Amino acid sequence: MSFLLWHGLRDSVRRYPDRPAVQWRSERLTYRELDEISNAIAATLTAHGIGRGHRVGLYTPKSHKSIAAMLGISKAGAAYVPVDPHAPALRASYILGDCAVSAVVASGERLTALHEHQSALTTLKLAFVTDDAAVATPPWKIRPWSTLTPTADGEWPAGVETDPAYLLYTSGSTGKPKGVIITHRNALTFIDWGVETFAIGAEDRLSNHAPFHFDLSVFDVYVALVSGACVVMVPDQVAMFPGALAKWINDERISVWYSVPSALVRMLLHGQLDRWEYQQLRTVLFAGEVFPQKYLRDVMRVLAKAEFYNLYGPTETNVCTYYQVPRDLDADATSIPIGKACANQEVFAVDTDGRLTGVGDEGELLVRGGTVMAGYWGLPEKTSQVLVRNHLQAAFDDRVYRTGDIVRLADDGNYYFVGRRDHMVKSRGYRIELGEIEQALHQHEKVKEAAVVPIPDEEIGARLQAFVAPADGHVLSPDELNAFCLTRLPVYMVPEAFHVRSELPKTSTGKTDRQALLASLTQGARV
């Protein structure tokens, strides 16, 4: 019986020891090899007193080593915390310090960068270095990856399904990212649903397109490992070029593809998607943003042998609804449903008075069930705002998650996404709080005012544009602002353009007039 995340590996090792588990470029690990190297990581952590109740960071480029590290951390009983490997060290050190990591798995370059922010990492005592790059001497014990000795032996601490398995940090409205706590039960409920729903088997080859700090990657890695399948990781230099990515899917004989819609749209528009046969591709999953219908129809036409599914769910719930897209998609349809609840979950919508909505009515989507997060790390007040008592159940204390998404119920029982309740937007599949970008801009000593507005875009969801007014007597350039943001924000949160204005327009109540800023972009006017 699997009730901890690494148990899926344990069971697959018994059934498929010599089958490929992970492929990264030309590197391949069998299930036995993956098990043995993760044992070495777990043993090293345990020897340093790191286990249940601890967190271990991942700040390294994606590779087969990353997956081995995640499993080794899980075996030791700790929770892993993946950080965007391209995030500036300032942001990475904040995340790792916020959840008080005891160890970190990092490349030499990134570990050296963290050294400059060691004051934020007071609990860090051990660092695994994943490459041969030189490392500035830090106050932490260094363990080169090359010194790990794979072993078939190991006894790991007993855990329970409600222990944290990993933390995923998402954009926060206060200007600081917040850590979503996902337990083993949360993750496995989602994983088991994925295995059963999409009939994943040992012969499958699942792509891994999403980075590990993005929740889409959980499906790729663990659904494959539970099933004895192979997870094939998309190299960064392939993912950047639509034509190379389309060819890669064909050449690697991918059978299950999962990504944000914009990745598929880019291959359609710029990657000659129709050039290849994709003989093995049977299932295409997409999530994270709205898929423009005109592009979805064309992608389905090209990938004619595959079944398509729209998956929906914020990081806090994993995937909570899904919808199989019919081949005879209505040519007049402007959107497709986010669907119905996944197994062991319930979704429903309520109006502003907390009453259940009926067919055709709009309301906020609420989620309850096995996949809903334990809470936000170190933010009990924020947690209590979104994990609320289910007032529709008076007999016991039942908790539901408020998604902040407005949906509409159709007469066939499917839900349609309408929009957000707040100022959060989606860009390239990432959920972004505009306030966090504005907070970063306000940290610049020359910035007096800052506002970020999203421009709807069919390819990536939203393109971010920043408006900045400099402090009196100062001059700012877009290049300076861009460089500043890159030291504080991950690349996907950095606005595509910076517009410097002497003043930002105001509403009658004195607030920044975002509609006027948006109009200045769409109409070409100056404000």
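Rundown of residues vs (1) touching a residue at least 24 places away in the same chain (Cβ under 8 Å); (2) farther than 30 Å from residue 172 by Cβ, yes/no style:
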{"site": "9", "(1), (2)": "yes, yes"}
{"site": "13", "(1), (2)": "no, yes"}
{"site": "20", "(1), (2)": "yes, yes"}
{"site": "23", "(1), (2)": "yes, yes"}
{"site": "35", "(1), (2)": "yes, yes"}
{"site": "48", "(1), (2)": "yes, yes"}
{"site": "65", "(1), (2)": "yes, no"}
{"site": "79", "(1), (2)": "yes, no"}
{"site": "90", "(1), (2)": "yes, no"}
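Answer yes or no: is there a residue in the stretch 444-453 that is buried (at least 22 other Cβ atoms within 10 Å of the Cβ), under 24 Å from the mean Cα position of the chain (by Cα) and in the same structural domain as residue 496 (by TED's automatic domain parsing). Looking for residues that are buried (at least 22 other Cβ atoms within 10 Å of the Cβ), under 24 Å from the mean Cα position of the chain (by Cα) and in the same structural domain as residue 496 (by TED's automatic domain parsing), one finds at least one in the stretch 444-453, hence yes. Residues being assigned to a strand (DSSP E or B) and either touching an Asp or Glu at 6+ places or on another chain (Cβ under 6 Å) or at pLDDT below 95 (or both) are entirely absent from the stretch 299-317. Going through (1) at pLDDT below 95; (2) assigned to a loop (DSSP other than H, G, I, E, B) one by one, residue 337 falls short only on (1). Restricting attention to the stretch 4-28, the residues that are more than 17 Å from residue 223 (Cβ to Cβ) and either crowded, with 18+ Cβ neighbours inside 10 Å or not basic (Lys, Arg) (or both) total 5. Taking residue 278, is it out of contact with any Gly (no Cβ under 8 Å at 6 or more places or on another chain), surrounded by fewer than 22 Cβ atoms within 10 Å (Cβ to Cβ), on the phi > 0 side of the Ramachandran plot and not charged (D, E, K, R)? Yes. Sort through 54, 48, 64 and tell me the only one that's within 19 Å of the chain's Cα centre (by Cα) and surrounded by fewer than 24 Cβ atoms within 10 Å (Cβ to Cβ). Result of the check over 54, 48, 64: 64. When the stretch 299-314 is limited to residues that are crowded, with 20+ Cβ neighbours inside 10 Å and either of a type outside the set (Val, Ile, Thr) or touching a residue at least 40 places away in the same chain (Cβ under 8 Å) (or both), the one that is nearest to residue 257 (Cα to Cα) turns out to be 308. Criterion applied to 386, 325, 367, 350 was being in contact (Cβ under 8 Å) with a residue 12 or more places away in the chain and touching a Lys or Arg at 6+ places or on another chain (Cβ under 8 Å), and the one residue passing it is 386. Residues in the stretch 420-440 that are touching a residue at least 24 places away in the same chain (Cβ under 8 Å), out of contact with any Phe, Trp or Tyr (no Cβ under 8 Å at 6 or more places or on another chain) and assigned to a strand (DSSP E or B): 424, 425, 426, 431, 433. Listed here are the strands (runs of 3 or more DSSP E) enclosed by the stretch 22-127 that have at least 1 residues being touching a Leu at 6+ places or on another chain (Cβ under 9 Å): 55-59, 79-82, 103-106.
So which residues in the stretch 275-298 are of a type in the set (A, V, I, L, M, F, W, C), under 22 Å from residue 204 (Cα atoms) and not in a loop (DSSP other than H, G, I, E, B), if there are any at all? The answer is 284, 285, 286. Identification of strands (runs of 3 or more DSSP E) wholly contained in the stretch 354-409 with 2 or more residues that are more than 22 Å from the chain's Cα centre (by Cα) and over 24 Å from residue 188 (Cα atoms) yields 362-369, 399-409.
The values are calculated or read from the model by the stated rules, or taken from the named source; none is laboratory data. Because the structure is a prediction, the values reported are computed rather than measured. FYI the Cβ positions are ideal-geometry reconstructions off the backbone, even for glycines, and counts take in every protein chain you see.
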